[in-house]
Amino acid sequence: MRLLPGRVVPSSTLIGEVKREVLHEQNAELERLRVELASLRSLQENQVRGLAQRLIQAWLAPSEGRQRKVFFDDPVWGHNSVDEELSPLFFHPLIQRLNHVKQLSFAYLTFPNATHSRLAHSLGTCRNLEASLTTMFRNNVLYTSVGREPILLDPQIRRALIIKAKTAALLHDVGHAPFGHALDKLIGYFDSNNPLAHPDKHYSKLYLEQHLKAHLPRMVNAENLSKILSQDRIDLLEWDNLIADLLDSSIDVDRMDFLVRDAHMTGLSMGVTSIEALIERMCPFRDGDQIFLTFEDSCLPYIDDFLLAREKMYAYCYEHQSKLAAERIFTRLVESLIREHGLRMDVVMLLTDEQILALLGLAAIGSERNAGLLSALLQNIQFICVDEIDLTVNSPQIAQWTRARDSARMRRWAYVDSPNTWENNIANAAGLGESNNWRILVTVPDQKTGVPNDVEVSILKRESSGYRTRPLFEVSEKMKKQLKDEYIPRGKIRVFADSRLTGAQQLEIERASKELLRNG
């Protein structure tokens, strides 16, 4: 070192040696931290899986059976009750779990009062199903191709049918994942070898067979009930077929509840329809050994109102951009739970909203990406839609995606892999890099976008010799056009950007999206 008046100046050699020593110590400390972090991540993975297993046990161990009639007040339908015969099923933990699953997933981020539960909706569906059957029995008319005949059922059989129908209604949503339909695409198509177009229906039947059949009312047969809840409805006869129609068809008691309830809880009046008018004009129609749900032709204005109200609720609530963005954030977080922590899909299905958020918080430790996503979800950070791509646009990417969506074996690529890939590619092209790809979201429409050909409603028409049924769209071409006009805008792929990014960054994301999805 060199000596100067009043101070000592170290030589360059000494400085180099000190730097090397410091760097060596820092590298050793970093390596120690890497080993520690790896062990913590391993422990964290075990903690996440172990905690998830502990949490779902709350819903699988049946509580002590309670046999009593339950009374409650409903903000939509007024005073309601659970029949004594249904109370052991109602108090089963799997049914009570629905109290902890929001009906409208993340709609509450836009409509703060929309925090109602799947259980509230299920009980409303029970009420509407009972009202429908009771009205038909009171009218005492069974329609056929040769005329009308009385409904020849004694009071005990009528009561048994109503209890069976309400049991089906109470169970119809028991298979919903946390936050309702938010995870449908991930759960339905993650396993490409076993695609599930309706995962909630699949798990509802599974829970009935594995956990709930011992708790059904004595007059209800589990195998028969499972057939009523099935999509294919094989071997359903007589009134069982009608119950299945009432519970799951284009105008059913399920939709009658959620349209009115969701409109009430969000404050969106366009969802309110005259449910009483629809129920009063229901007509049971016998064709051979089956009875089908039909509607009087005087009901057409109310059917029109009902179907259009449903489409408007999709536009203003169910597919609101903020809700779509939140559901995409949630889906990415849950997919990370499955991939990085080995969480099984059947475990995810049994969690509640609160439980899965707690697991996501634990899993986000040590992951900047997941911590950022979870923070954005919980803090209701706005993601701005910077690009909308119509499915009719002339683009190889969109054409390929549309073909995949329409092929059952390719839906994992369409609904799980493609959004992930697009988010990464857009982030890289916009200069954000993969570490910031969580600040870009890509949402895709479901497989039922386009012409609404799945609307199957039968209208009863009087003829000289009796009655016959006609499809709704044969009776009203105008209604088909109206629904198509409402339906088409839903077929869009959307790209969202974190609102906290700069204006220049958002413009780069928009540019990258257009280049990739429209021109790529």
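Having 3 or more residues that are more than 27 Å from residue 318 (Cβ to Cβ), at pLDDT 90 or above and not aliphatic (A, V, I, L, M) is the bar; report the helices (runs of 4 or more DSSP H) wholly within region 436-520 that clear it.
In region 436-520, the matching helices (runs of 4 or more DSSP H) lie at 503-513.
Can you tell me how many residues in region 132-154 are touching a Phe, Trp or Tyr at 6+ places or on another chain (Cβ under 9 Å) and on the phi < 0 side of the Ramachandran plot?
Going through region 132-154, the residues touching a Phe, Trp or Tyr at 6+ places or on another chain (Cβ under 9 Å) turn out to be 133, 142-149, 151, 153.
Now restrict to residues that are on the phi < 0 side of the Ramachandran plot: 133, 142-146, 148-149, 151, 153.
Total meeting the criteria: 10.
Name the pairs: first residue in region 61-87 and under 18 Å from residue 217 (Cα atoms) and touching a residue at least 60 places away in the same chain (Cβ under 8 Å), second residue among the charged types (D, E, K, R) and outside any loop (DSSP other than H, G, I, E, B), Cβ to Cβ under 8 Å, at least 6 apart or on different chains?
Filtered contacts from region 61-87: 83/166; 86/166.
Hey, does region 221-232 have a residue that's among the aliphatic types (A, V, I, L, M), assigned to a helix (DSSP H, G or I) and free of Cβ contacts under 8 Å to residues at least 40 places away in the same chain?
First, pick out the residues of region 221-232 that are among the aliphatic types (A, V, I, L, M): 222, 225, 228-229.
Imposing the further condition that a residue be assigned to a helix (DSSP H, G or I) reduces the set to 222, 225, 228-229.
After this cut, where a residue has to be free of Cβ contacts under 8 Å to residues at least 40 places away in the same chain as well, the list is 222.
There is at least one residue in region 221-232 that is among the aliphatic types (A, V, I, L, M), assigned to a helix (DSSP H, G or I) and free of Cβ contacts under 8 Å to residues at least 40 places away in the same chain.
Give region 354-376 a look and list any residue that's in contact with a Ser or Thr (Cβ under 9 Å, 6 or more places away or on another chain) and either of a type in the set (S, T, N, Q) or not in a helix (DSSP H, G or I) (or both), or say none.
364, 367, 370
What residue, of 263, 177, 244, is among the aliphatic types (A, V, I, L, M), surrounded by 21 or more Cβ atoms within 10 Å (Cβ to Cβ) and within 28 Å of residue 404 (Cα to Cα)?
On the way: 263 fails: within 28 Å of residue 404 (Cα to Cα); 244 fails: within 28 Å of residue 404 (Cα to Cα).
Matching residue, one of 263, 177, 244: 177.
Restricting to region 315-337, and then to whatever is of a type in the set (D, E, K, R) and part of a helix (DSSP H, G or I), can you tell me which residue is surrounded by the fewest Cβ atoms within 10 Å (Cβ to Cβ)? So that I can check it myself, show each step before the final result.
Start the filter on region 315-337 by keeping residues that are of a type in the set (D, E, K, R), which leaves 319, 323, 327-328, 332, 335.
Next, only the ones that are part of a helix (DSSP H, G or I) stay: 323, 327-328, 332, 335.
Numbers: 323: 22, 327: 25, 328: 24, 332: 21, 335: 16.
Applying the filter and picking the extreme gives 335.
Would you please list the contacts, defined by Cβ atoms under 6 Å and residues six or more apart or on different chains, that run from a residue in region 313-334 that is among the aromatic types (Phe, Trp, Tyr) to a residue that is not in a helix (DSSP H, G or I)?
Here the result reads 316/268, each pair linking region 313-334 to a residue that is not in a helix (DSSP H, G or I).
Of the residues that sit in region 208-224 and are over 12 Å from residue 89 (Cα atoms) and within 23 Å of the chain's Cα centre (by Cα), which one is surrounded by the most Cβ atoms within 10 Å (Cβ to Cβ)? First the steps, then the outcome.
Keep residues of region 208-224 that are over 12 Å from residue 89 (Cα atoms), which gives 209-210, 219, 221-224.
Still in the list and also within 23 Å of the chain's Cα centre (by Cα): 209-210.
Numbers: 209: 13, 210: 11.
For region 208-224, the residue satisfying everything is 209.
Among (1) surrounded by fewer than 18 Cβ atoms within 10 Å (Cβ to Cβ); (2) free of Cβ contacts under 8 Å to residues at least 12 places away in the same chain; (3) within 21 Å of residue 368 (Cα to Cα), there is one condition residue 436 misses while meeting the rest; what is its number?
(1)
Select from region 234-247 the residues that are at pLDDT below 95 and either of a type in the set (S, T, N, Q) or in contact with a helix residue (DSSP H, G or I) (Cβ under 7 Å, 6 or more places away or on another chain) (or both) and write down the one among them that is farthest from residue 173 (Cα to Cα).
The extreme case among them is 235.
Among the candidates 296, 319, single out the residue that is farther than 22 Å from residue 76 by Cβ and within 21 Å of the chain's Cα centre (by Cα).
On the way: 296 fails: within 21 Å of the chain's Cα centre (by Cα).
Unique residue meeting the criteria: 319.
What's the total number of residues in region 477-520 that are of a type in the set (Gly, Ala, Ser), over 29 Å from the mean Cα position of the chain (by Cα) and buried (at least 19 other Cβ atoms within 10 Å of the Cβ)? Walk me through it before giving the result.
Going through region 477-520, the residues of a type in the set (Gly, Ala, Ser) turn out to be 491, 497, 499, 503-504, 512-513, 520.
Checking which are over 29 Å from the mean Cα position of the chain (by Cα) leaves us with 503-504, 512, 520.
Now restrict to residues that are buried (at least 19 other Cβ atoms within 10 Å of the Cβ): 512.
The number of residues fulfilling the criteria is 1.
Would you confirm, using the coordinates I've provided, whether residue 129 is over 22 Å from residue 203 (Cβ atoms), at pLDDT 95 or above and not β-branched (Val, Ile, Thr)? Before the answer, list the steps.
On the way: over 22 Å from residue 203 (Cβ atoms): no; at pLDDT 95 or above: yes; not β-branched (Val, Ile, Thr): yes.
So residue 129 fails the test.
So in region 266-314, with the set limited to residues that are in contact with a helix residue (DSSP H, G or I) (Cβ under 8 Å, 6 or more places away or on another chain) and charged (D, E, K, R), which one is surrounded by the fewest Cβ atoms within 10 Å (Cβ to Cβ)?
For region 266-314, the residue satisfying everything is 289.
Filter region 377-405 down to residues that are hydrophobic (A, V, I, L, M, F, W, C) and part of a loop (DSSP other than H, G, I, E, B) and give me whichever is nearest to residue 442 (Cα to Cα). Quick ask: steps written out before the conclusion?
Let us first name the residues in region 377-405 that are hydrophobic (A, V, I, L, M, F, W, C), namely 377-378, 381, 383-386, 389, 391, 393, 398-399, 401, 404.
Restricting the remaining residues to those that are part of a loop (DSSP other than H, G, I, E, B) gives 381, 391, 393.
On the way: 381: 16, 391: 14, 393: 17 Å.
Ranking the candidates gives 391 first.
So which residues in region 56-74 are closer than 22 Å to residue 116 by Cα and either modelled with pLDDT under 95 or surrounded by 11 or more Cβ atoms within 10 Å (Cβ to Cβ) (or both)? Before you say what the answer is, go through the steps one by one.
In the first step, residues of region 56-74 are kept if they are closer than 22 Å to residue 116 by Cα; the result is 56, 58-59, 70-74.
Those that are closer than 22 Å to residue 116 by Cα and either modelled with pLDDT under 95 or surrounded by 11 or more Cβ atoms within 10 Å (Cβ to Cβ) (or both): 56, 58, 59, 70, 74.
Output the residues belonging to region 235-250 that are more than 23 Å from residue 305 (Cα to Cα) and not in a helix (DSSP H, G or I).
Matches in region 235-250: 235, 236, 237.
Run down 294, 266 and say which single residue is under 23 Å from residue 138 (Cα atoms) and either of a type in the set (Val, Ile, Thr) or free of Cβ contacts under 8 Å to residues at least 12 places away in the same chain (or both). Show your work before the answer.
Numbers: 266 fails: under 23 Å from residue 138 (Cα atoms).
Exactly one residue qualifies, and that residue is 294.
Being in a helix (DSSP H, G or I) and at pLDDT 95 or above: is that true of residue 258 here?
Considered against the rule, which asks whether it is in a helix (DSSP H, G or I) and at pLDDT 95 or above, residue 258 comes out as yes.
Surrounded by fewer than 15 Cβ atoms within 10 Å (Cβ to Cβ), modelled with pLDDT of 95 or more and either among the polar types (S, T, N, Q) or in a helix (DSSP H, G or I) (or both): is that true of residue 427 in this structure?
Details: surrounded by fewer than 15 Cβ atoms within 10 Å (Cβ to Cβ): no; modelled with pLDDT of 95 or more: yes; either among the polar types (S, T, N, Q) or in a helix (DSSP H, G or I) (or both): yes.
Considered against the rule, which asks whether it is surrounded by fewer than 15 Cβ atoms within 10 Å (Cβ to Cβ), modelled with pLDDT of 95 or more and either among the polar types (S, T, N, Q) or in a helix (DSSP H, G or I) (or both), residue 427 comes out as no.
Restricting the search to region 94-110, which residues are surrounded by fewer than 20 Cβ atoms within 10 Å (Cβ to Cβ) and in contact with a Leu (Cβ under 8 Å, 6 or more places away or on another chain)?
96, 99
Residue pairs, Cβ under 8 Å, 6 or more apart or interchain, first in region 183-206 and buried (at least 19 other Cβ atoms within 10 Å of the Cβ), second aromatic (Phe, Trp, Tyr). List them.
183/330; 185/415; 186/415; 188/415; 189/415
Determine which single condition residue 91 fails, assuming it passes every other condition in (1) without any contact (Cβ under 8 Å) to a residue 60 or more places away in the chain; (2) surrounded by fewer than 14 Cβ atoms within 10 Å (Cβ to Cβ).
(2)
The values are calculated or read from the model by the stated rules, or taken from the named source; none is laboratory data. What you are looking at is a predicted structure, and each value in this text was computed from that prediction instead of being measured. Backbone-built Cβ (ideal geometry, glycine too); neighbour counts: all protein chains shown.
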